[in-house]
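The values are calculated or read from the model by the stated rules, or taken from the named source; none is laboratory data. Owing to the predicted nature of the structure, the values given are computational and were not obtained by experimental measurement. Every residue, glycine as well, gets a Cβ built from its backbone with ideal geometry; the counts of neighbours run over all protein chains shown. Areas reflect the complete protein model, heavy atoms only, side chains present, ligands, DNA and RNA absent. Shrake-Rupley method; radii C 1.70, N 1.55, O 1.52, S 1.80 Å.
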2 protein chains.
Amino acid sequence: MTKPVRLVAAACILYAAAIPVLLTGCATARDSRAVARSSSATLESWREGPARAAIVSFVARTTDPAGVDFVPEAERIAVFDNDGTLWSEQPMYVQLAFIIDRVKALRAAHPEWETTEPFASLLKGDAKAVAAQGEHALGALVAATHGGMTDEEFRATVRAWLDTARHPKTGLRYDEMVYRPMVEMLACLRANGYRTFIVSGGGVDFMRAFAGEVYGIPTDQIIGSTAKYRHELRDGVPTIVKTGEIDFVDDGKGKPVGIASRIGTRPRIAFGNSDGDFEMLAWTTAGQGARLGVLIHHTDATREWAYDRASHVGKLARGLDEAPARGWVVVDMARDWAAIYGKLQ
Amino acid sequence: MTKPVRLVAAACILYAAAIPVLLTGCATARDSRAVARSSSATLESWREGPARAAIVSFVARTTDPAGVDFVPEAERIAVFDNDGTLWSEQPMYVQLAFIIDRVKALRAAHPEWETTEPFASLLKGDAKAVAAQGEHALGALVAATHGGMTDEEFRATVRAWLDTARHPKTGLRYDEMVYRPMVEMLACLRANGYRTFIVSGGGVDFMRAFAGEVYGIPTDQIIGSTAKYRHELRDGVPTIVKTGEIDFVDDGKGKPVGIASRIGTRPRIAFGNSDGDFEMLAWTTAGQGARLGVLIHHTDATREWAYDRASHVGKLARGLDEAPARGWVVVDMARDWAAIYGKLQ
């Protein structure tokens, strides 16, 4: 797995052309040592600065076979939180917007929801109250509103919703509100032999509905909160059904647990944006050899949202306090990103 | 994910050379339509016959962009049972041989094991009695003997054991008793854009100790039975520890459940050898489009072992009965395999 030829081949997949060049980091258009490549493997939406420099240096060092920080390709694992790290999470998690629409659609059949939390708050339009109940409430809403469907049926429902729903502030499709710099980062890491995983508190089947198309991440490289699945025969046909029983909450301490269980290799680099990602970054960077933690700090009230310590959604306090001592990179969205949204060409 | 250039690139990774040729199936040295390739992507240990022909045809049809059975690369998922499908499982699961040695090593510190099942049978040398207690007993033994270790510590223990242990009949290292035809099959499928997963009742961390080197399968593409992991701080350092609490048994109905949960995409082709694989093959082949189930039938008492309906380990009865009606391929090891063991060059 460590042979240079593998590295070149991995890069070629992204480059869509057999360019026999060994990459040493993720370039921007301004890099002096330019090599022939498509724009998809550059970090052109990242402004020059300490954040970009630290990440590019990390990638270069860990992929240099002659360096002390070299990481064999089998161990090049990169993990990304989703909400607030890969796409916007304000004023509420996208999955919550989906659930609100689903609960409204199913309201007539469930009169008990009018007086049961978190459904009652949700039906009253009190998104803050629902968000304040945390990922567990989100899991309960997913389980209660979607139990009994197969994962394939559920994902079709999500995709149909994404085709019609629009963000209340931007008017964009939700899957257009992914961060262009982070899509570039995913491509850059993959071009350098890293495999990219989502590790999110969101429901795994919700993310699996769109992450392939939007992020280029296959379904098995997505770790999220899950309800249990049940095997049953429907008219003699074996069927796997989503149940209402929560199996695993992939947040906080659950993130390194989920990584150990599902990936089985400690990541080399971890990206997050909230204190729900703290343990994931801490465990990642506690490993031996070259490791890096990266926090996306939401500082741009003009192009996105500015929030951290006081936010119900995506609260970031401990991470900001401890990042300097832990050597974590803090990305200042207003300063470090030349673009927020926008598909790559 | 479906562009021909991706397919070529995927093949090139295995070929260790940038040969711009679109594969159509897995050739043997005798194939008339030979293309330049290394021996690693051939099925040279597979004799001509209905089993090999059916699998080669399936791979060719599902990777032909012009055909009705074409499968986009993102959906090319192949799953393999481990014990009895990728390596030998007689006279007992390899993991059980490992556990016996570990229990003996830890016996003095655990006097209660002398009278508690499955430890008591194990310490009396009654492997059959232990095996008859099934995968759950195996899980309990793993949990009880290895709780409190990190996954990394546990895997180091397994690797050290593999370096010294020898099979009582063959005298071979256990990781030399992998089936050469199946290693060829893994390489063939990967050369054709399939991603290969292990889905086994064995403990996931046991398999993760050797599957990368032996099968070329990374840790995240291994699904197995698991004990829960716990996050704790050891002297302030975040650590993930294996607990004694069984979380998931990946056998029988658990196999399609594990696939739905971990992989999230229904496989196109599934390989097994026992009735513990029945539900995995049934769910795989119940999906829409081209699907294939393959059973490895242990028929070779000379070069390996011959067993099926009456065996405690790897019992195969229902699968044999229903394979013809379900269109599953049954591989006759004595007839279809020209070699059993032996590393590829």
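For the stretch A:137-152, a drop of 30 Å² or more in accessible area on going from the chain alone to the assembled protein chains (1.4 Å probe) is found at A:GLU152.
How much of the accessible area of the stretch B:123-227, probe 1.4 Å, is carbon plus sulfur, in whole percent?
Details: 1740 of 3280 Å².
Accessible surface attributable to carbon and sulfur in the stretch B:123-227 totals 53 percent.
Using a ≥ b ≥ c from the Cα gyration tensor of the stretch B:155-308 (square roots of the eigenvalues), is it rounded, prolate or oblate, where a/c under 1.5 gives rounded and otherwise the larger of a/b and b/c decides, a/b for prolate? Cα axes put the stretch B:155-308 in the oblate bin.
Going by a ≥ b ≥ c, the root eigenvalues of the Cα gyration tensor, does the stretch B:133-231 fall in the rounded group (a/c under 1.5), the prolate group (a/b larger than b/c) or the oblate group? Here the stretch B:133-231 falls in the oblate category.
Assuming R0 = 60 Å, what is the FRET efficiency of B:LEU320 and A:ALA338, from their Cβ-Cβ distance, to the nearest 0.05? Walk me through the intermediate numbers first.
Values: r = 63 Å, r/R0 = 1.05.
After rounding to 0.05, the efficiency reads 0.45.
Are there residues in the stretch B:186-213 whose accessible area shrinks by at least 50 Å² when all protein chains are included rather than the chain by itself, and which are they (probe 1.4 Å, ligands and nucleic acids not counted)? The answer is B:ARG195 - residues whose exposure falls by at least 50 Å² when every protein chain is included.
Over the stretch A:190-274, accessible surface divided per residue gives 26 Å², non-protein components excluded, 1.4 Å probe.
Per residue, how big is the convex hull around the C-alpha atoms of the stretch A:48-122? Give it to me in cubic angstrom, could you?
Values: hull volume 11.7 nm³, N = 75.
Per-residue hull volume (Cα only) is 156 Å³.
With its label point put 7 Å out from Cα toward Cβ, B:GLU322 sits 5.0 nm from the same residue's point in the other copies, in order from shortest.
Looking at the calculated P(r) for the protein assembly as shown, what percent of the C-alpha pair distances fall above 46 Å?
Numbers: 43674 of 237705 pairs.
The calculated P(r) of the protein assembly as shown puts 18 percent of pairs beyond 46 Å.
For the stretch A:226-257, a drop of 50 Å² or more in accessible area on going from the chain alone to the assembled protein chains (1.4 Å probe) is found at A:TYR229, A:HIS231, A:PRO238, A:ILE240, A:VAL257. Quote the Stokes-Einstein diffusion coefficient, in whole µm² s⁻¹, for the stretch A:191-279, based on the Kirkwood radius over alpha carbon pairs, a temperature of 37 °C and a viscosity of 0.692 mPa s. Diffusion coefficient, whole number: 228 µm²/s.
May I ask for the accessible area buried between chains A and B, both sides summed, probe 1.4 Å, to the nearest 100 Å²?
Values: alone 14770 and 14760 Å², together 26230 Å².
When A and B are taken together, about 3300 Å² of accessible area is lost.
Projected onto planes of every orientation and averaged, the convex hull of the alpha-carbon atoms in the stretch A:301-345 covers 4.3 nm². Taking 11 Å as the cut-off, the amide N atoms of the stretch B:242-285 that come nearer than this to a point 7 Å along the Cα-to-beta-carbon line of B:ARG230 belong to B:242-245.
Each pair of Cα atoms in the stretch B:83-191 enters the Kirkwood radius, and Stokes-Einstein at 10 °C and 1.306 mPa s then converts it into a translational diffusion coefficient of 104 µm²/s.
Between B:ASP163 and A:ASP300, the C-beta separation translates, for a Förster distance of 41 Å, into a calculated FRET efficiency of about 0.15. The simple Förster model, with R0 at 41 Å and r as the Cβ-Cβ distance, assigns B:ALA66 and B:ARG309 a FRET efficiency of 0.40. As a ratio to 2.2 N^0.38 Å, the alpha-carbon radius of gyration for chain A is 1.01. Potential lengthening of the chain between A:GLU153 and A:THR115 amounts to 10.8 nm, from the contour at 0.36 nm per residue minus the alpha-carbon distance.
For a 22 Å ceiling on Cα separation, which of these pairs sit above it: A:LYS255/B:LYS242; A:LYS228/B:LYS255; B:LYS169/B:LYS255; A:LYS228/B:LYS228; A:LYS315/B:LYS242; B:LYS124/B:LYS242? Could you put the intermediate results ahead of the total?
Values: A:LYS255/B:LYS242 15 Å; A:LYS228/B:LYS255 13 Å; B:LYS169/B:LYS255 31 Å; A:LYS228/B:LYS228 15 Å; A:LYS315/B:LYS242 30 Å; B:LYS124/B:LYS242 27 Å.
From the list (A:LYS255/B:LYS242; A:LYS228/B:LYS255; B:LYS169/B:LYS255; A:LYS228/B:LYS228; A:LYS315/B:LYS242; B:LYS124/B:LYS242), the Cα-Cα distance tops 22 Å for B:LYS169/B:LYS255; A:LYS315/B:LYS242; B:LYS124/B:LYS242.
Note on the stretch B:161-217: Cα-only Rg and Dmax are 12.7, 38 Å. Listed by chain and number, the aspartates and glutamates whose alpha-carbon sits under 14 Å from that of B:LYS253, ignoring those within fewer than 8 places in the same chain, are A:GLU232, B:ASP81, B:GLU135, B:ASP275, B:ASP277, B:GLU279.
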